[in-house]
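So the structure is just underneath, and the comments pick up after that.
The values are calculated or read from the model by the stated rules, or taken from the named source; none is laboratory data. Remember, predicted model here, so these are calculated numbers, not experimental data. With ideal geometry, Cβ positions are generated from the backbone for all residues, glycine too; neighbour counts draw on all protein chains shown.
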Amino acid sequence: METMIINHWAVLVAAIFNLALGALWYSPALFYNAWKKENNLTDEKIKQANPVKMYVIGFLLAYLMSYNLAFFLGDSQTNWEWGLTAGFLAGFGWSAAIFSVIALFEQKSWKYILINSGYIVIYFSVIGFILGAWR
């Protein structure tokens, strides 16, 4: 059996990237206002959330997703190109697809679906790149 290669530092960086991308993607500079509108949220409602709980759980789930993709990319022949491709396929073909199915049944708008699915595809593509490049 081949040796599986997982760079644990790359996994950690990929998980941290989740928070960084989310901060940018859902910022007023990009999609904050549209995302807020599509979710029927107000600034007051957002301020009621527990940010420590959201960031801790969000980070732990990002860490889990990063390790999961790292196991898929653990082959010794993996490089940045395959990492990027596999990340894109995982993001677009699995994660964003099932997110979209659920959102459709929840009767969410296409704008909502595209904002969140775009984030998912970019996230998985970049972490695939990170995990593939940083062997």
Item checked: Conditions (1) among the charged types (D, E, K, R); (2) in a helix (DSSP H, G or I); (3) within 17 Å of PHE129 (Cβ to Cβ); (4) in contact with an Asp or Glu (Cβ under 7 Å, 6 or more places away or on another chain): number failed by LYS111 -> (3)
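Check ALA103, ALA49, ALA20, ALA15 and return the single one that is farther than 15 Å from VAL121 by Cβ, surrounded by 14 or more Cβ atoms within 10 Å (Cβ to Cβ) and either among the aliphatic types (A, V, I, L, M) or free of Cβ contacts under 8 Å to residues at least 12 places away in the same chain (or both). Working first, answer last.
On the way: ALA103 fails: farther than 15 Å from VAL121 by Cβ; ALA49 fails: surrounded by 14 or more Cβ atoms within 10 Å (Cβ to Cβ); ALA20 fails: surrounded by 14 or more Cβ atoms within 10 Å (Cβ to Cβ).
The unique qualifying residue is ALA15.
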Margin query: What's the number of the only condition in (1) under 22 Å from SER27 (Cβ atoms); (2) at pLDDT below 95 that GLN77 fails to meet?
Written below: (1)
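So, ILE115, is that one among the β-branched types (Val, Ile, Thr), surrounded by 12 or more Cβ atoms within 10 Å (Cβ to Cβ) and more than 20 Å from TYR26 (Cβ to Cβ) or not? Steps first, answer last, please.
Values: among the β-branched types (Val, Ile, Thr): yes; surrounded by 12 or more Cβ atoms within 10 Å (Cβ to Cβ): yes; more than 20 Å from TYR26 (Cβ to Cβ): no.
Criteria not met by ILE115.
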Note to self: Exactly one of these conditions fails for SER76: (1) of a type in the set (S, T, N, Q); (2) in contact (Cβ under 8 Å) with a residue 24 or more places away in the chain; (3) within 17 Å of ILE127 (Cβ to Cβ). Give me its number.
What the structure shows: (3)
Item checked: Qualifying residue in the range 127-135 (condition: buried (at least 20 other Cβ atoms within 10 Å of the Cβ), β-branched (Val, Ile, Thr) and outside any loop (DSSP other than H, G, I, E, B)) -> yes
Item checked: Top-ranked residue of the range 89-122 - restricted to ones that are aromatic (Phe, Trp, Tyr) and more than 10 Å from the chain's Cα centre (by Cα), ranked as nearest to TYR32 (Cα to Cα) -> TYR112
Note to self: Please list, ordered by residue number, the helices (runs of 4 or more DSSP H) wholly in the range 1-91 having 3 or more residues that are out of contact with any strand residue (DSSP E or B) (no Cβ under 9 Å at 6 or more places or on another chain) and more than 26 Å from VAL101 (Cβ to Cβ).
What the structure shows: 8-25, 43-47, 51-72, 80-88
Check: When ARG135 is evaluated against the numbered criteria (1) under 19 Å from the mean Cα position of the chain (by Cα); (2) under 21 Å from HIS8 (Cβ atoms), which criterion, by number, is the only one it fails?
Finding: (1)
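Identify, please: which residue in the range 104-126 is out of contact with any Ser or Thr (no Cβ under 7 Å at 6 or more places or on another chain) and aliphatic (A, V, I, L, M) and is, among those, farthest from GLY87 (Cα to Cα)?
Narrowing the range 104-126 to residues out of contact with any Ser or Thr (no Cβ under 7 Å at 6 or more places or on another chain): 104-112, 114-116, 118-119, 121-123, 125-126.
Filter once more, so that each one left must be aliphatic (A, V, I, L, M): 104, 114-115, 121-122, 126.
Working: LEU104: 24, LEU114: 18, ILE115: 18, VAL121: 8, ILE122: 9, VAL126: 7 Å.
Residue satisfying both the conditions and the ranking: LEU104.
Suppose we keep only residues that are of a type outside the set (Gly, Ala, Ser) and under 9 Å from GLY132 (Cα atoms) within the range 78-88. Which one would you say is nearest to the chain's Cα centre (by Cα)? Please lay out each step first, then the result.
So the first thing to find is which residues in the range 78-88 are of a type outside the set (Gly, Ala, Ser), and the list is 78-82, 84-85, 88.
Subset that is under 9 Å from GLY132 (Cα atoms): 78-82, 84.
On the way: THR78: 20, ASN79: 20, TRP80: 18, GLU81: 18, TRP82: 18, LEU84: 13 Å.
Filtering first and then ranking leaves LEU84.
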